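Participant: Can you read through this structure? Questions will come right after.
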Amino acid sequence: MITGATAGFGRATAKKFAENGYNVIITGRRTERLDEVKKELGKNKGIKVLTLNFDVRKRYEVEDIINEMPDEWMNIDILVNNAGLAVGLDPIDRGNIDDWDRMVDTNIKGILYVTRAVVPFMVARKTGHIFNISSIAGKEEYENGNVYCATKHAVDSLSRSMRIDLLKHNIKVTNIAPGMAETEFSLVRFKDDRKRAKEVYRGVDPLTAEDIADVIYWCATRPPHVCINDITITPLQQANVHHINRRQ
Ligand code: NDP
Ligand code: 8X3
């Protein structure tokens, strides 16, 4: 199950797993996009695709839709908690509180609601692998990143907590911390301001969604006794949130 599979990392990850013979559950809010991705994934012979249309912020919707899945889909082996977003880039004294709510509700509460609904099935089977998509913004802070950074720090922390709590149940937990990657992320952050979104990647060859999908797939296909706990991945030109070697 991959949350937020209608774009970016989630869509590329769904494609990677489908190409490698996995049945996939893809989720998101945009129904037309879910249908489009399902059609694309369906080209891989012998695999099944289930689309679930929900907003990860809506606790009861998440619970009901996951609990009402057909029985054959209940045995989720891998959960990729990917749905998330940044909205705005404002100093703490001028931040838009609605933007803050969207980030906290999606990036923290969304992961909690989905994990709480899916993981009991993994615990019952004593197997499973959870991926949480955090960020380098979950390792460090940058100017005006305040609330987004805080939500991703929370994800980073939750990954470690999940690993501890689920240790006795044989469940792997992997925290993924990507740097700059060109997806719909900046368009969402800057509310469809294409010029501002493009400027983020000026003079840099950013990561692609496929780069992240490759890393997730690699982690998921290690031998049973190996758990990759945490991976930070940035473009060659980015050392951390502050140091970027842009071409002039
Ligand atoms: P995209 O904007 O391209 O994709 C985000 C996905 O999340 C979409 O499929 C969207 O689907 C889904 N989503 C957003 N809000 C909700 C919601 N409330 N309920 C359900 N689904 C939702 O961004 P990325 O692929 O870049 O981002 C994926 C994750 O990676 C995020 O958590 C992001 O914070 C993180 N990240 C991104 C980086 C980057 O530079 N791109 C770097 C580090 C981390 P829909 O709109 O259809 O609901
Ligand atoms: C996305 C990467 O550096 O824009 O999480 O916060 S950054």
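The values are calculated or read from the model by the stated rules, or taken from the named source; none is laboratory data. What you are looking at is a predicted structure, and each value in this text was computed from that prediction instead of being measured. Virtual Cβ from ideal backbone geometry, glycine too; neighbours counted across all protein chains shown. With ligands, DNA and RNA removed, areas are computed over all heavy atoms of the protein, side chains included. Shrake-Rupley method; radii C 1.70, N 1.55, O 1.52, S 1.80 Å.
Participant: Hey, among T183, T221, T174, which residue is among the polar types (S, T, N, Q), more than 21 Å from T6 (Cα to Cα) and either within 15 Å of ligand 2 (Cβ to nearest atom) or within 15 Å of the chain's Cα centre (by Cα) (or both)? Lay out the reasoning, then the answer.
Facilitator: On the way: T183 fails: more than 21 Å from T6 (Cα to Cα); T221 fails: either within 15 Å of ligand 2 (Cβ to nearest atom) or within 15 Å of the chain's Cα centre (by Cα) (or both).
Going through T183, T221, T174 in turn, just one is among the polar types (S, T, N, Q), more than 21 Å from T6 (Cα to Cα) and either within 15 Å of ligand 2 (Cβ to nearest atom) or within 15 Å of the chain's Cα centre (by Cα) (or both): T174.
Participant: Restrict the check to segment 156-173 and report whether at least one residue is of a type in the set (D, E, K, R) and over 21 Å from N107 (Cβ atoms).
Facilitator: Applying the first criterion (of a type in the set (D, E, K, R)) to segment 156-173 yields 156, 160, 163, 165, 168, 172.
With the extra rule that they be over 21 Å from N107 (Cβ atoms), the set shrinks to 168, 172.
The answer is yes; a qualifying residue exists.
Participant: Okay, next question. Please work out if K139 is more than 14 Å from G84 (Cα to Cα) and away from ligand 1 (no atom under 12 Å from the Cβ).
Facilitator: Details: more than 14 Å from G84 (Cα to Cα): yes; away from ligand 1 (no atom under 12 Å from the Cβ): no.
No.
Participant: So how many residues does segment 164-185 have that are open to solvent by 60 Å² or more (accessible area, probe 1.4 Å) and of a type in the set (D, E)?
Facilitator: Number of matching residues: 2.
Participant: Pull up segment 194-211, narrow it to residues that are under 19 Å from the mean Cα position of the chain (by Cα) and assigned to a helix (DSSP H, G or I), then point me to the one that is surrounded by the most Cβ atoms within 10 Å (Cβ to Cβ). Talk me through it step by step, then tell me what you get.
Facilitator: Keep residues of segment 194-211 that are under 19 Å from the mean Cα position of the chain (by Cα), which gives 206-211.
This time we only want the ones that are assigned to a helix (DSSP H, G or I), so: 209-211.
On the way: A209: 22, E210: 15, D211: 15.
Across segment 194-211, the extreme among qualifying residues is A209.
Participant: Would you mind telling me which numbered condition in (1) within 22 Å of W218 (Cβ to Cβ); (2) within 12 Å of ligand 1 (Cβ to nearest atom); (3) not polar (S, T, N, Q) V114 fails?
Facilitator: Answer for V114: the failing condition is (1).
Participant: A follow-up question, please. Filter segment 212-236 for residues that are open to solvent by 30 Å² or more (accessible area, probe 1.4 Å) and of a type outside the set (A, V, I, L, M, F, W, C) and give the result.
Facilitator: Within segment 212-236, D214, Y217, T221, R222, P223, P224, H225, N229, D230, T232, T234 meet the criteria.
Participant: Okay, moving on. Among the listed residues K139, K152, K172, K198, which satisfies the condition of being among the basic types (K, R), without any contact (Cβ under 8 Å) to a residue 40 or more places away in the chain and touching a helix residue (DSSP H, G or I) at 6+ places or on another chain (Cβ under 9 Å)? Even if it seems obvious, please write down each step before you answer.
Facilitator: Working: K139 fails: without any contact (Cβ under 8 Å) to a residue 40 or more places away in the chain; K152 fails: without any contact (Cβ under 8 Å) to a residue 40 or more places away in the chain; K172 fails: without any contact (Cβ under 8 Å) to a residue 40 or more places away in the chain.
The conditions single out K198.
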